[in-house]
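Scroll down for the structure; my scribbles are underneath it.
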Amino acid sequence: MIFDCIENAHLYTMLGSRIGQAFNYIQATDFSRLASGRYDIDGEDLFAMVNAYETKDRRDCELEGHRQYIDLQYMVEGAELIGYAPLRDQTASLISEPEEDCLFYQGEASFVLLDQGMFVLLFPADLHMPCVRAGHARVKKVVVKIRV
């Protein structure tokens with residue numbers, strides 16, 4: 001997991017060409033003008049999902065993980081807590097459809113505040129619990145899915 005401000009994105013673009021493309025997309029896009037939905041950048045290899053939603057109580061959120069994609073989550077407006085736990089020997093409690101690439105896990109997590117202008121880069125070995133309420137309930141967040 002990498003957690004930082006978007007102003008420091010240049011420090012991470014060398015992690016791979018798709019990761020670099022994802023950061024370029026975030027920095028070049030005016031998300032205040034985009035409606036919620038999916039936006040293709042490079043087909044199934046790289047796409048963004050713009051979401052506006054109400055955050056939830058921690059007890060209503062679950063740890064999740066992905067096998068086929070890296071998540072670059074960028075907070076456009078508002079703030080939320082995001083939980084993190086390294087994938088070790090946890091067993092998935094619920095597996096989504098293969099094309100959804102989402103597995104849910106039981107377990108504990110450490111939390112950080114994902115505030116406006118910040119991002120978190122989550123790899124397949126990083127379990128995460130997004131959408132946890134941290135004060136204000138309404139947020140707008142972009143999740144760029146980067147195929148590994």
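The values are calculated or read from the model by the stated rules, or taken from the named source; none is laboratory data. Quick caveat: nothing in here was measured; it's all calculated off a predicted structure. Glycine also receives a Cβ, built like all others from the backbone with ideal geometry; neighbour counts cover every protein chain displayed.
Out of the residues in segment 31-42 that are under 20 Å from Thr13 (Cα atoms) and either surrounded by fewer than 14 Cβ atoms within 10 Å (Cβ to Cβ) or not β-branched (Val, Ile, Thr) (or both), state the one that is farthest from the chain's Cα centre (by Cα). Across segment 31-42, the extreme among qualifying residues is Asp42. Per this entry, Leu122 is counted among residues that are under 19 Å from Asn24 (Cα atoms) and under 13 Å from the mean Cα position of the chain (by Cα). Any residue at all in segment 63-85 that's among the β-branched types (Val, Ile, Thr), under 16 Å from Pro130 (Cα atoms) and either loosely packed, with under 14 Cβ neighbours inside 10 Å or touching a residue at least 60 places away in the same chain (Cβ under 8 Å) (or both)? Yes - at least one qualifying residue is present in segment 63-85. Does at least one position in segment 109-124 carry a residue that is touching a residue at least 12 places away in the same chain (Cβ under 8 Å), among the acidic types (Asp, Glu) and within 28 Å of Asp45 (Cβ to Cβ)? No, that holds for no residue.
Each row is one residue, and each column tells you yes or no for (1) hydroxyl-bearing (Ser, Thr, Tyr); (2) in contact with a helix residue (DSSP H, G or I) (Cβ under 7 Å, 6 or more places away or on another chain).
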{"residue": "Ile2", "(1), (2)": "no, no"}
{"residue": "Tyr12", "(1), (2)": "yes, yes"}
{"residue": "Leu15", "(1), (2)": "no, no"}
{"residue": "Phe23", "(1), (2)": "no, yes"}
{"residue": "Gln27", "(1), (2)": "no, yes"}
{"residue": "Leu46", "(1), (2)": "no, yes"}
{"residue": "Ala52", "(1), (2)": "no, no"}
{"residue": "Gly83", "(1), (2)": "no, no"}
{"residue": "Pro86", "(1), (2)": "no, no"}
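Restricting segment 86-101 to residues that are surrounded by 10 or more Cβ atoms within 10 Å (Cβ to Cβ), not in a strand (DSSP E or B) and not aliphatic (A, V, I, L, M) leaves a set whose member that is modelled with the lowest pLDDT is Ser96. Looking across Ser110, Ser17, Ser32, one residue alone is farther than 17 Å from Arg147 by Cβ and modelled with pLDDT of 95 or more. It is Ser110.
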